[in-house]
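Working notes, beginning with the structure itself.
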Amino acid sequence: MTEPLIFEHSRPGRRAVAQAPLGEAGISVPDRFRRRNTPHLPEVTELQALRHYTRLSQLNYSIDTHFYPLGSCTMKYNPRACNTLAMLPEFLARHPLAPVSHGQGFLECLFELQEILKAVTGLHEVTLAPMAGAQGEFAGVAMIRAYHDARGDTERDEILVPDAAHGTNPATATMCGCKAVEIPTLSNGDVDFDALQSALGPKTAGIMLTNPSTLGVFERRILEISKSVHEAGGLLYYDGANLNAILGKARPGDMGFDCIHLNLHKTFSTPHGGGGPGCGAVGVNERLSPFIPTPLVERGENGFQWITADHRPQSIGRLSAFMGNAGVLLRAYVYARMLGREGMPRVAEFATLNANYLARRLSDAGFTLAFPERRASHEFIVTLKSEAREMGVTAMDFAKALLDRGFHAPTTYFPLLVPECLLIEPTETESKEALDGFVDAMVDIRNSAMHDAAAVKAAPVTTPVRRLDEVRAARKLDVRWQAGNE
Amino acid sequence: MPFNPHTNEEIRDMLAIIGADDIEQLFDEIPPELRINALSSIPPMVSEMEVTRIMHERAKRDGLTLNFIGAGAYEHHIPAAVWQITTRGEYYSAYTPYQAEASQGTLQLIYEYQTMMCELTGMDVSNASLYDGASAVAEAALMAVRANRKSKSGRLLIAGTLNPRYRQVVANITQGQGLKIEELPCCTELGNIIPESLKRYEGQDIAGLIIPQPNFFGVIEEVDALTDWAHANNALAIAVVNPVALALLEAPGNWGARGADIVCGDGQPLGVPLSAGGPYFGFLTCRQDFVRQMPGRLVGRTVDLEGKPGFTLTLQAREQHIRRSRATSNICTNQGLLVTAATIHMSMLGAEGLRRVALSSCERTRQLVDALTEIDAIETVFSGPNFHEAVLRLDRPVAPVLEALAHRGIFGGYDLYGSYPELGHALLVCATETKTESDIQTCATAFRAVMADARVA
């Protein structure tokens, strides 16, 4: 099951009907600026394009078609109402530089979303502007640097990052001109507090923490950690990747974090879209408020209005041309209203119930949990080290074999410190029977591997393509089609 | 409701298997002093029907207004099919294509997108997108400093005619890594950068020169001379372009003798609605030899174990999830869904359709400028050739005029005073192919009425 490239459907002179009419008169662009060659874009009919991209879509696994327990990504149901209401014609047609007098409805949604996010994080102020989690992280570390600089404390350029952290954390530290200092993790999944304390010092700018961590457990000594970091003169940054686990149950602000980003595309159910757009809304306490990236929305005497860097001279400034991913924010707002104050804690409750149930069922079925003595948060890790040793099948083989059984694979080989790991996040929107089906599939794969490991290692066989030659992809780089290179 | 399917009986069964008395017990590792029990300041839940009513009411309050603002976001017709396909669940609700075998749709689409962007910009390689145009320029600046091995200064020249918001973002994002960005002044007569004005930088260590085309004023820059200057001075030429304009204007790959080195910009004009400023997407293309310095995702074509062609993410060793603190950028996701829309949009328009959009937008802007400059109090500012935007000067402050126009149902343009006070009472206007001659007349009539009103002076 493959589909030719759109360029292979192309025939010279073929046209779609939706094209704009030709301008009547000549234009004033002098010849020397004019394009000499015609770009090779497809020449297809509307039906051909529609059929091609519909067929391509059918080659994807997605939440709407499959259970998608991709750990750390919170692949929950994206309610369709959120999309429909964010795409009302008035919202789509709104120019970002249109006067606020003609955008009060839009701004009211943003303002209320800021207020809702303040309440769930326990922080003083929220901006919705950062366009993805990684940009929220950038904002956080840039604010921490700006805070120290403003105090004349210019030697602090070390950001502590647990070894289990997302790669974006150390990469962000570098982008902000800081050095990432890795902190080890104990065998029980908690950060090594002693190692953390000895890493703290006059060079410490701050720490980036995810809580619950990427190991799927709550950082139990978080209050001691925040006390120590603050005493050393550093600040705490909360990576909101796993906020789904504690929504309405505990707040990063209460844990001592100075700033936080939230992934609205995770916790607030905006679509992942095949890899974006995301939204990394950022919350700060009073200490970091002067440095918050702009713009934000405030309620003034004459209605809702923008707060820009003009009003916040110490702000780290804007990180996008306009107001971040506005359409994503409207989707998150609709979702937040449908959850309401009653629904938010239920997100954490059922995400946690599903994760602990699935963890226990897999454990009872003979799989090894990475942290069996710990309570799972909204996700947990299975290590397939013994399966790899005894049967020669790896986490990657299990992942591919799951695809053949109608499941998207969990996250594999992350966090890096657990060997042969699957990071499994079922989310609150999956039913018990979906989870039971997943357990059955895992058991079935292991049974197959016991009799015929080669069959499991050959998976997937039902997908549009089989395992791909990634070495060749990198060595014989083919990243664009060219006429005649078939 | 959090859209959870659990019946009471299932909850009981699941807790029994876990060995917990109730759901609360599952949170027993959180220190009790951190637990909260209510979110009283959050509004109570509403039904889908109620939130639908709220959103419709707010949308209606904002209304639909005849718009002549461009300034970095452009209103173009989008074929109905584009977003109907884009919002199919298989695109909308999938994630980054880590499991290639289960993501061939998204991966092939990105490969097609990369091809189209290479074709439009005249470059060898395109990444899978960045957040928006402004952050794409920032990433291009960082990339140029990494890629230009002849330069040690971390110093870049940026045209003062580049969108001022882009310049702010470049400064904000590159500051931490110590880049030094210097602005080139704009010629107040022509409205672009005079290549001779670069003379004073000759012989200095410059990593890159950032060249917009068209520039923020809609004026066309002398891109050949600027590109050649960059190369003669061991600097990389970084083009910031409107992709629709490239249907008409020379591709950056053909600028000057050797062509630009890195091309970036905002993809919004390719099938993405204005939607209050986002989500849009940034694009970035470059010459083959810089591919390993590129930020962001990249899709490659390869074969599976049966020799069948297929697609996968490639050169991931550049990226944060592998390289961590030594990655080319901290970027993780791209703007996948917007790329989906843009790819379908470009397929439906083709080169000819894009050319028609570009031509008729130029034509409409020319008509708008002609109609408005018939008014005594309005004149054009720059004599350089322009694309689909133009700068006009009024005989009075722009802000009250725009406000009065808005009351008459027209967004009359973007006030340049905040960013370019030296231009006086300057206004940036834009008319795309979506505006009819009658829209332009309506706009001119409203300007005439507002300018005649003594209260707006």
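The values are calculated or read from the model by the stated rules, or taken from the named source; none is laboratory data. Note that the structure is predicted; figures quoted are calculated from it, not measured. Note that each Cβ is placed from the backbone with ideal geometry, even for glycine, and that neighbours are counted across all protein chains shown.
Details
Yes/no matrix, rows are residues, columns are (1) touching a residue at least 12 places away in the same chain (Cβ under 8 Å); (2) buried (at least 24 other Cβ atoms within 10 Å of the Cβ); (3) outside the structural domain of A:HIS265 (by TED's automatic domain parsing); (4) more than 20 Å from the chain's Cα centre (by Cα):
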residue: A:GLY71; (1), (2), (3), (4): yes, yes, yes, no
residue: A:LEU117; (1), (2), (3), (4): yes, yes, no, no
residue: A:GLY122; (1), (2), (3), (4): yes, no, no, yes
residue: A:GLU125; (1), (2), (3), (4): yes, no, no, yes
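- Boolean, B:ALA144 is crowded, with 18+ Cβ neighbours inside 10 Å, assigned by TED's automatic domain parsing to the domain that holds B:TYR201 and at pLDDT 95 or above: yes
- Residue in region B:61-72 that is over 30 Å from A:LEU97 (Cβ atoms), at the interface with another protein chain (Cβ under 7 Å from one of its Cβ atoms) and in contact with a Gly (Cβ under 8 Å, 6 or more places away or on another chain) present: no
- Scanning region B:103-122 for residues that are touching a Leu at 6+ places or on another chain (Cβ under 7 Å), within 13 Å of A:LEU56 (Cβ to Cβ) and either among the aliphatic types (A, V, I, L, M) or not assigned by TED's automatic domain parsing to the domain that holds B:PRO279 (or both) yields a count of 1.
- Leading residue by the ranking (farthest from A:ALA326 (Cα to Cα)) among those in region A:69-102 that are of a type outside the set (Gly, Ala, Ser) and more than 7 Å from every other protein chain (Cβ to nearest Cβ): A:PRO69
- Screening region B:222-242 for residues that are in a helix (DSSP H, G or I) and hydrophobic (A, V, I, L, M, F, W, C) and picking the one that is nearest to the chain's Cα centre (by Cα) gives B:VAL223.
- Filtering region A:369-396 to residues that are part of a loop (DSSP other than H, G, I, E, B) and either in contact with a helix residue (DSSP H, G or I) (Cβ under 9 Å, 6 or more places away or on another chain) or without any contact (Cβ under 8 Å) to a residue 24 or more places away in the chain (or both) leaves A:PRO372, A:ARG375, A:ALA376, A:SER377, A:HIS378, A:GLU379, A:LEU384, A:GLY392, A:VAL393, A:THR394.
- Pick from region B:318-372, criterion part of a helix (DSSP H, G or I) and acidic (Asp, Glu), ranking: surrounded by the most Cβ atoms within 10 Å (Cβ to Cβ): B:GLU363
- Of the residues making up region B:399-418, those that are crowded, with 19+ Cβ neighbours inside 10 Å and either on the phi < 0 side of the Ramachandran plot or of a type outside the set (Gly, Ala, Ser) (or both) are B:VAL401, B:LEU402, B:ALA404, B:LEU405, B:ILE410, B:PHE411, B:GLY412, B:TYR414, B:ASP415, B:LEU416.
- Residues (surrounded by fewer than 20 Cβ atoms within 10 Å (Cβ to Cβ), at the interface with chain B (Cβ under 7 Å from one of its Cβ atoms) and under 30 Å from B:GLU222 (Cα atoms)) located in region A:35-68: A:ARG36, A:THR38, A:HIS40
- Condition check for B:MET55: more than 24 Å from the chain's Cα centre (by Cα), part of a helix (DSSP H, G or I) and facing another protein chain (nearest Cβ under 7 Å): yes
- Every residue from region B:275-295 that is part of a loop (DSSP other than H, G, I, E, B) and surrounded by fewer than 23 Cβ atoms within 10 Å (Cβ to Cβ): B:ARG287
- Residue within region A:348-364 that is outside any helix (DSSP H, G or I), in the same structural domain as A:ASP440 (by TED's automatic domain parsing) and of a type in the set (A, V, I, L, M, F, W, C) present: no
Conditions (1) buried (at least 22 other Cβ atoms within 10 Å of the Cβ); (2) without any contact (Cβ under 8 Å) to a residue 12 or more places away in the chain, marked per residue:
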site	(1), (2)
B:ARG12	no, yes
B:LEU26	yes, yes
B:ALA59	yes, yes
B:ALA94	yes, no
B:THR115	yes, yes
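- Selection status of A:GLU298, part of a loop (DSSP other than H, G, I, E, B) and at pLDDT 95 or above: no
- Enumeration of residues in region A:330-381 that are touching a Leu at 6+ places or on another chain (Cβ under 6 Å), closer than 21 Å to B:SER47 by Cβ and more than 7 Å from chain B (Cβ to nearest Cβ): A:ALA332, A:TYR333
- Hey, A:GLU158 modelled with pLDDT of 95 or more, under 24 Å from A:THR185 (Cα atoms) and more than 11 Å from every other protein chain (Cβ to nearest Cβ) or not: yes
- Residue in region B:143-160 that is more than 9 Å from every other protein chain (Cβ to nearest Cβ), small (Gly, Ala, Ser) and in a helix (DSSP H, G or I) present: yes
- For the condition part of a loop (DSSP other than H, G, I, E, B) and in contact (Cβ under 8 Å) with a residue 12 or more places away in the chain, A:LYS76 qualifies.
- In region A:357-369, the residues that are surrounded by 24 or more Cβ atoms within 10 Å (Cβ to Cβ) and either touching a strand residue (DSSP E or B) at 6+ places or on another chain (Cβ under 6 Å) or of a type in the set (Lys, Arg) (or both): A:ALA359
- Of note, B:ALA260 does not satisfy the criterion of being among the small types (Gly, Ala, Ser) and either out of contact with any strand residue (DSSP E or B) (no Cβ under 7 Å at 6 or more places or on another chain) or more than 28 Å from B:GLU75 (Cβ to Cβ) (or both).
- Matching entry among A:LEU215, A:LEU223 (being surrounded by 24 or more Cβ atoms within 10 Å (Cβ to Cβ), under 22 Å from A:LEU262 (Cβ atoms) and either within 14 Å of chain B (Cβ to nearest Cβ) or over 24 Å from the mean Cα position of the chain (by Cα) (or both)): A:LEU215
- Exclusive hit being closer than 14 Å to A:ALA281 by Cβ and of a type in the set (Asp, Glu), set A:GLU155, A:GLU182, A:GLU115, A:GLU108: A:GLU115
- Filtered residue count, region A:438-486, keeping only those that are in a helix (DSSP H, G or I) and without any contact (Cβ under 8 Å) to a residue 60 or more places away in the chain: 16
- In region B:362-371, the residues that are of a type outside the set (A, V, I, L, M) and either facing another protein chain (nearest Cβ under 7 Å) or touching a strand residue (DSSP E or B) at 6+ places or on another chain (Cβ under 8 Å) (or both): B:CYS362, B:GLU363, B:THR365, B:ARG366
- Here A:LEU402, A:LEU384 are screened, and the one residue that is more than 8 Å from every other protein chain (Cβ to nearest Cβ) and in contact with a Cys (Cβ under 8 Å, 6 or more places away or on another chain) is A:LEU384.
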